[in-house]
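The values are calculated or read from the model by the stated rules, or taken from the named source; none is laboratory data. Here the structure is a predicted model, which means the values were calculated and not measured. Please note: Cβ atoms are built from the backbone with ideal geometry, for glycine as well, and neighbour counts cover all protein chains shown. Accessible surface areas use protein heavy atoms only, side chains included; no ligands, DNA or RNA. Shrake-Rupley method; radii C 1.70, N 1.55, O 1.52, S 1.80 Å.
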Amino acid sequence: MRAVSTETPNLTTALHQHIVQAIQSAGGWIGFDRFMALALYTPGLGYYANDSTKFGLLPQSGSDFVTAPELSPLFGQTLAVQVAEALERTGTHEVWEFGAGSGALALQLLDTLGAAVQRYTIVDLSGSLRARQQTLLAAHADKVRWLDALPAQFEGVVVGNEVLDAMPVQLLARHGGAQDGAWHERGVALDDDDQFIWADQATALRPPLEIEGPHDYLTEIHVQAEAFIHTLGDRLTRGAAFFIDYGFGESEYYHPQRHMGTVMCHRAHQSDDNPLLDVGLKDITAHVNFTAMALAAQDQALPAGQNWSVLGYTTQAHFLINCGIAAKLDQQALAQRVQAAKLLMEHEMGELFKVLALCKGQPWDAVGFARGDRTHRL
């Protein structure tokens with residue numbers, strides 16, 4: 001299938017040509033993970049590296065999607081209950097946020113946590129987003145710093161809201177049924193006019209579960225996100241990590257009926273499933289396999305006393321309720337309650353979004369997982 005941009009050429013030409021050159025240099029084909037990385041993170045050109053608005057409540061603002069902190073400040077204020085507990089339990093005083101977006105979550109956490117946080121470090125590759133964050137967080141300038149890479153060692157509480165879903169994934173396509181079907185890695189090539197097209201190559205890669213059924217099947221594996229968990233495991237000497245994102249446990253992720261994969265694009269608060277179109281002008285994401293993230297932590301060979309532990313895994317709704325959002329909702333005006341309720345509703349963010357918590361050192365009964373913990377279902 002050929003992908004033809006629906007935008008005027010000057011908006012996407014530079015990034016398009018950059019990716020074309022990458023494909024040509026690689027012999028005419030690159031894996032989807034490489035394509036996704038170039039589309040999102042090419043300096044100055046990729047979606048997260050250009051100046052588009054991205055985060056906001058309404059498309060009229062020029063934004064493409066809304067995340068929980070933009071939806072309601074109660075999200076960060078409630079998450080702060082768990083972060084405060086984690087800081088105390090781990091004896092640390094620093095929060096590390098990855099992919100801080102507009103800076104809304106950082107502001108909510110800093111305002112709520114107060115003196116419990118001595119330093120707030122944002123790790124973000126986007127220069128344009130960093131400028132937006134610096135403006136929003138000006139009142140906390142004495143505590144906030146920005147890094148574009150992790151130090152060799154650090155300690156504290158890690159927060160990642162909708163970070164894992166933006167990490168490039170590899171696509172695996174099975175042509176034919178479970179018995180005789182052949183697996184391929186789906187990547188991107190060029191047609192005669194240098195437009196992006198899908199192209200499959202035979203591969204030894206496989207999903208972690210056998211997929212039953214006679215039908216073709218498309219799915220993802222999360223090698224880069226697993227490597228990210230490993231990097232945290234290597235470098236975090238003391239602390240905990242909380243990841244909030246949309247996704248599933250492994251058995252649900254690789255269910256036979258989920259045969260079209262989970263890669264989605266977001267632009268102007270609309271979604272589509274073709275990442276080859278309008279490259280650089282829209283977000284590209286994939287749902288998170290939370291089992292793979294937990295196993296990446298637990299299976300990592302680390303020095304004695306440095307092992308990762310799974311602290312908990314539950315839905316966003318259960319997590320926020322456990323952390324006391326109901327009492328906060330009661331104090332809001334009706335309009336604010338309606339907005340914040342979307343954080344909890346099953347058909348909004350409440351069920352699809354999950355929270356995975358990891359810790360270094362002795363685990364504890366974390367408040368966010370007091371009821372509804374689904375760790376046994378990972």
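Condition check ((1) modelled with pLDDT of 95 or more; (2) in contact with a strand residue (DSSP E or B) (Cβ under 7 Å, 6 or more places away or on another chain); (3) not aromatic (F, W, Y)) across all residues:
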position	(1), (2), (3)
Q21	yes, no, yes
A37	yes, no, yes
L45	no, no, yes
F55	no, yes, no
L58	no, no, yes
D64	no, yes, yes
A80	yes, no, yes
Practice task
Output the residues belonging to region 125-174 that are in contact with a Phe, Trp or Tyr (Cβ under 7 Å, 6 or more places away or on another chain) and among the acidic types (D, E).
Solution key: D165
Exercise for the section: Take the residues in region 275-322 that are touching a Gly at 6+ places or on another chain (Cβ under 7 Å) and of a type in the set (S, T, N, Q), then tell me which one is surrounded by the most Cβ atoms within 10 Å (Cβ to Cβ). Expected result: N289
Completion exercise
Note on A326: of the conditions (1) over 16 Å from R89 (Cα atoms); (2) modelled with pLDDT under 95; (3) open to solvent by less than 60 Å² (accessible area, probe 1.4 Å), unmet is (2)
Completion exercise
In region 287-310, anything out of contact with any Pro (no Cβ under 7 Å at 6 or more places or on another chain) and not aliphatic (A, V, I, L, M) is listed as H287, N289, F290, T291, Q298, D299, Q300, P303, G305, Q306, N307, W308
Practice task
Sort out which residues of region 90-117 are assigned to a strand (DSSP E or B) and either of a type in the set (A, V, I, L, M) or surrounded by fewer than 19 Cβ atoms within 10 Å (Cβ to Cβ) (or both), and write them in order of number.
Solution key: E94, V95
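So, in region 150-170, exactly how many residues are in a loop (DSSP other than H, G, I, E, B) and under 17 Å from the mean Cα position of the chain (by Cα)? Give the steps one after another, and end with the answer.
Let us first name the residues in region 150-170 that are in a loop (DSSP other than H, G, I, E, B), namely 150-153, 162-163, 167-169.
Then drop every residue that is not under 17 Å from the mean Cα position of the chain (by Cα), which leaves 162-163, 167-169.
The qualifying residues number 5.
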Problem - Answer from A370, A357 - the residue that is more than 21 Å from the chain's Cα centre (by Cα) and more than 20 Å from S72 (Cβ to Cβ) - result: A370
Problem - Failed condition for D180, given (1) touching a Gly at 6+ places or on another chain (Cβ under 6 Å); (2) part of a loop (DSSP other than H, G, I, E, B) - result: (1)
Exercise for the section: Inspect all residues belonging to region 254-272 and state whether any of them is over 21 Å from E162 (Cβ atoms) and assigned to a strand (DSSP E or B). Expected result: yes
Exercise for the section: Could you grab the pairs with beta carbons closer than 8 Å, sequence gap of 6+ or different chains, first residue in region 82-101 and in contact (Cβ under 8 Å) with a residue 24 or more places away in the chain, second one among the basic types (K, R)? Expected result: T90/R238; T90/K360; G91/R238; T92/R238; H93/R119; E94/R119; V95/R119; G101/K54
Handout entry: Single condition T78 does not satisfy, out of (1) open to solvent by 40 Å² or more (accessible area, probe 1.4 Å); (2) in contact with a Cys (Cβ under 7 Å, 6 or more places away or on another chain)
Key = (1)
Practice task
State which residue is surrounded by the fewest Cβ atoms within 10 Å (Cβ to Cβ) when the search covers only region 118-140 and only residues that are hydrophobic (A, V, I, L, M, F, W, C), in contact with a helix residue (DSSP H, G or I) (Cβ under 8 Å, 6 or more places away or on another chain) and outside any helix (DSSP H, G or I).
Solution key: L125
Exercise for the section: For R374, state whether it is at pLDDT 95 or above, open to solvent by 30 Å² or more (accessible area, probe 1.4 Å) and basic (K, R). Expected result: yes
Fill in the blank from the handout: Taking region 205-226 and keeping only residues that are closer than 16 Å to V123 by Cβ and open to solvent by 50 Å² or more (accessible area, probe 1.4 Å), one is left with Q224
Completion exercise
Per the filter on region 298-317, residues modelled with pLDDT under 95, touching a helix residue (DSSP H, G or I) at 6+ places or on another chain (Cβ under 8 Å) and among the aliphatic types (A, V, I, L, M) are L302
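Run down A189, A202 and say which single residue is of a type outside the set (D, E), over 29 Å from L320 (Cβ atoms), open to solvent by 60 Å² or more (accessible area, probe 1.4 Å) and over 23 Å from the mean Cα position of the chain (by Cα).
A202
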Handout entry: Check on D148, open to solvent by 40 Å² or more (accessible area, probe 1.4 Å), of a type in the set (D, E), out of contact with any Asp or Glu (no Cβ under 8 Å at 6 or more places or on another chain) and modelled with pLDDT under 95
Key = no
Handout entry: Filter result for V355 (out of contact with any Lys or Arg (no Cβ under 7 Å at 6 or more places or on another chain), surrounded by fewer than 23 Cβ atoms within 10 Å (Cβ to Cβ), β-branched (V, I, T) and on the phi < 0 side of the Ramachandran plot)
Key = no
